[in-house]
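See structure below.
The values are calculated or read from the model by the stated rules, or taken from the named source; none is laboratory data. What you are looking at is a predicted structure, and each value in this text was computed from that prediction instead of being measured. Glycine gets a Cβ as well: all are built from the backbone with ideal geometry, and neighbour counts include every protein chain shown. Each accessible area value is taken on the protein alone, full model and side chains, heavy atoms only, with ligands, DNA and RNA left out. Shrake-Rupley method; radii C 1.70, N 1.55, O 1.52, S 1.80 Å.
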Amino acid sequence: MECLRDEKIQHYLEKSLSSVEASRIRDHLIVCKKCQLKYQQYVQMENGLADPVYTEPPAQIVKNVMKRIYVKLPTYSSIFALIAASMVLLVSWIYIYFDFSNNSLIQALKLTSNSTYNWIGQVIKIISNIFSSVYAIFKSINKFFEIIFNVNIGIEIFGFSVLILSMILVYAIYLLLVKRSGKQKI
Amino acid sequence: MLLDDDQVLIEKILDGSKLSFEELMKKYNKKIYNFVIRMVRNDEVAIELTQDFFIKIFSVLHKYNFQYKFSTWAYRICYNLVIDHIRKNQVYVDSLNGDNISQKRLVESKNFISEDGFDNLEKDEVKTYLWKTVDQIPMKYRELILMRYLQELKYDEIAEISGLPVGTVKNRIFKAKELLRKEIEKDGMFA
Ligand SMILES: [Zn+2]
């Protein structure tokens with residue numbers, strides 16, 4: 001019998017040969033020093049492979065993952081906060097809208113422009129400005145529809161679009177502040 | 001249906017248990033991290049990829065099918081993540097393909113010989129040398145050796161994870177061990 005190929009020895013080690021073939025190999029291993037050595041090398045390797053050299057994973061892995069995934073989970077309180085924030089924003093839109101028509105809020109802000117709460121006035125002024133430009137756009141769209149199709153969109157649709165706008169705005173702020181901090185690279 | 005240990009944990013995780021996810025991570029951390037680090041051969045990348053792996057597992061856990069073994073499913077996700085990374089950053093060269101590297105390693109192996117000055121090495125040193133050699137063989141062999149011995153998977157599981165036929169998996173693992181044996185013999189590192 002000629003010498004054993006590596007593959008044969010490996011099959012023999014894995015006991016994946018027929019009993020006839022296995023005994024033929026056993027017989028050869030007894031008489032052939034060269035194949036015996038190869039066989040022993042495989043035995044040594046098998047032992048070494050079956051007992052791997054592991055590196056201890058750095059502790060930061062588990063910590064970082066926990067930090068990253070459990071921030072992203074939405075909770076009932078965050079959903080409630082989202083809805084509440086939308087409502088607050090909507091109410092302020094409406095308030096500013098009605099106030100915008102008689103300008104009393106803006107007048108009042110002008111009178112207190114030196115007060116320490118001046119920045120609130122600035123914010124409301126900015127909101128008023130946004131609102132007035134939105135309102136102006138609405139009016140021109142309304143006019144456009146009136147001229148072309150002879151229909152009036154009406155204030156209900158305008159109010160509805162303001163509501164949607166509020167929701168989008170709050171959601172955008174939420175995404176920016178909450179989700180982003182959850183995804184931060186560590 | 002009878003659930004195994006992993007599946008019990010997964011049910012708890014899906015019910016919102018933070019602690020169970022931490023437990024699952026600690027269970028797989030060693031085998032995942034060691035597989036990844038031996039594939040990419042870079043500490044920082046290995047840490048990053050292992051983290052990405054667990055985050056991915058968490059985000060797709062609701063899609064896990066309880067009819068299959070969790071470990072096979074998870075290892076496949078890990079394997080795909082690593083292979084994706086390597087494809088995108090093809091800078092890894094398999095050392096055993098170059099002759100000059102063999103020369104360099106010859107010097108290394110001399111340093112490796114124990115103080116007695118003979119290559120009559122302790123069993124542990126053979127093991128360490130063997131695992132160092134594993135890091136040097138071409139990736140298509142290395143990945144299978146790592147799955148078989150480091151992650152302790154069966155041939156059919158490796159076939160499922162790598163997408164190769166079982167026969168190919170077996171043949172490649174045999175070929176890989178032949179490569180390892182010849183390399184270690186050439187360096188005179190067998191005890
Ligand atoms: Zn022989």
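Just give me the residues in the range B:160-180 being open to solvent by 10 Å² or more (accessible area, probe 1.4 Å) and outside any loop (DSSP other than H, G, I, E, B), in sequence order. Please lay out each step first, then the result.
Step one: filter the range B:160-180 for residues open to solvent by 10 Å² or more (accessible area, probe 1.4 Å), giving B:160, B:162-168, B:170-172, B:175, B:178-179.
Result: B:GLU160, B:SER162, B:VAL166, B:GLY167, B:THR168, B:LYS170, B:ASN171, B:ARG172, B:LYS175, B:GLU178, B:LEU179.
May I ask you to say which residue of B:ASP15, B:ASP52, B:ASP6 is open to solvent by less than 50 Å² (accessible area, probe 1.4 Å), on the phi < 0 side of the Ramachandran plot and not assigned by TED's automatic domain parsing to the domain that holds B:PRO138? Lay out the reasoning, then the answer.
On the way: B:ASP15 fails: open to solvent by less than 50 Å² (accessible area, probe 1.4 Å); B:ASP52 fails: open to solvent by less than 50 Å² (accessible area, probe 1.4 Å).
Matching residue, one of B:ASP15, B:ASP52, B:ASP6: B:ASP6.
Yes/no matrix, rows are residues, columns are (1) aromatic (Phe, Trp, Tyr); (2) closer than 16 Å to A:GLN60 by Cβ; (3) touching a strand residue (DSSP E or B) at 6+ places or on another chain (Cβ under 7 Å); (4) open to solvent by 10 Å² or more (accessible area, probe 1.4 Å):
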position	(1), (2), (3), (4)
B:LYS27	no, no, no, yes
B:PHE35	yes, no, no, no
B:ARG38	no, no, no, yes
B:GLU48	no, yes, no, yes
B:SER71	no, no, no, yes
B:ILE77	no, no, no, yes
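Within the range B:142-157, which residues are buried (at least 16 other Cβ atoms within 10 Å of the Cβ), farther than 14 Å from B:VAL40 by Cα and under 11 Å from the mean Cα position of the chain (by Cα)?
B:LEU144, B:ILE145, B:MET147, B:ARG148, B:TYR149, B:LEU150, B:GLN151, B:LEU153
Return yes or no: is A:LEU4 within 26 Å of B:THR133 (Cα to Cα) and touching a residue at least 12 places away in the same chain (Cβ under 8 Å)? Walk me through it before giving the result.
Working: within 26 Å of B:THR133 (Cα to Cα): yes; touching a residue at least 12 places away in the same chain (Cβ under 8 Å): yes.
Considered against the rule, which asks whether it is within 26 Å of B:THR133 (Cα to Cα) and touching a residue at least 12 places away in the same chain (Cβ under 8 Å), A:LEU4 comes out as yes.
Do we have any residue at all in the range B:158-171 that's facing chain A (nearest Cβ under 9 Å) and on the phi < 0 side of the Ramachandran plot? Spell out how you get there, then give the answer.
Residues of the range B:158-171 that are facing chain A (nearest Cβ under 9 Å), as a first pass: B:170-171.
Then drop every residue that is not on the phi < 0 side of the Ramachandran plot, which leaves B:170-171.
Looking for residues that are facing chain A (nearest Cβ under 9 Å) and on the phi < 0 side of the Ramachandran plot, one finds at least one in the range B:158-171, hence yes.
Kindly establish whether B:ASP119 is at pLDDT below 95, more than 8 Å from every other protein chain (Cβ to nearest Cβ), in contact with a Gly (Cβ under 8 Å, 6 or more places away or on another chain) and surrounded by fewer than 21 Cβ atoms within 10 Å (Cβ to Cβ). Let's see the steps before the verdict.
Details: at pLDDT below 95: yes; more than 8 Å from every other protein chain (Cβ to nearest Cβ): yes; in contact with a Gly (Cβ under 8 Å, 6 or more places away or on another chain): yes; surrounded by fewer than 21 Cβ atoms within 10 Å (Cβ to Cβ): yes.
The answer is yes for B:ASP119.
Would you confirm, using the coordinates I've provided, whether A:LYS63 is open to solvent by 70 Å² or more (accessible area, probe 1.4 Å), within 16 Å of the ligand (Cβ to nearest atom) and among the charged types (D, E, K, R)? So that I can check it myself, show each step before the final result.
On the way: open to solvent by 70 Å² or more (accessible area, probe 1.4 Å): yes; within 16 Å of the ligand (Cβ to nearest atom): no; among the charged types (D, E, K, R): yes.
So A:LYS63 does not fit the description; no.
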